[in-house]
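Below: the structure, in structure tokens.
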Amino acid sequence: GGIAVATVLFVSPQAGDNLDRLRALVSGHDGVTAGASGWQVGPSGKLLARFAARDGYCLRKALVPALDLLNGQARLPKMWSL
């Protein structure tokens with residue numbers, strides 16, 4: 001039933017350090033079904049998060065905190081602000 005979807009792939013040697021926090025951030029948003037998984041391939045860790053939401057606003061409310069976590073000190077573009 002979701003009309004807005006997003007997939008986020010994060011590749012970093014420290015990716016595994018963020019999995020539990022990412023799972024906590026993507027869960028519990030009204031109108032959003034989301035999940036996250038992680039795995040290690042050689043020295044690089046990988047995180048994958050998928051989102052399906054009833055509309056774009058709900059999607060952004062769940063997606064922006066996840067991107068902030070994975071983006072570290074870098075800021076998201078101003079147009080992504082809610």
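The values are calculated or read from the model by the stated rules, or taken from the named source; none is laboratory data. What you are looking at is a predicted structure, and each value in this text was computed from that prediction instead of being measured. Neighbour counts are summed over all protein chains in view; Cβ atoms, including those assigned to glycine, are modelled from backbone coordinates with ideal geometry. Just so you know, the surface numbers come from the protein's heavy atoms only, side chains and all, with ligands and any DNA or RNA stripped out. Shrake-Rupley method; radii C 1.70, N 1.55, O 1.52, S 1.80 Å.
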Task: Filter result (surrounded by fewer than 16 Cβ atoms within 10 Å (Cβ to Cβ) and within 14 Å of the chain's Cα centre (by Cα)) within the range 18-45 - done: ASP20, ARG21, ALA24, SER27, GLY28, GLY35, SER37
TODO: Considering each residue of the range 1-17, count those that are open to solvent by 30 Å² or more (accessible area, probe 1.4 Å), in contact with a Lys or Arg (Cβ under 8 Å, 6 or more places away or on another chain) and not in a loop (DSSP other than H, G, I, E, B), and give that number.
DONE: 5
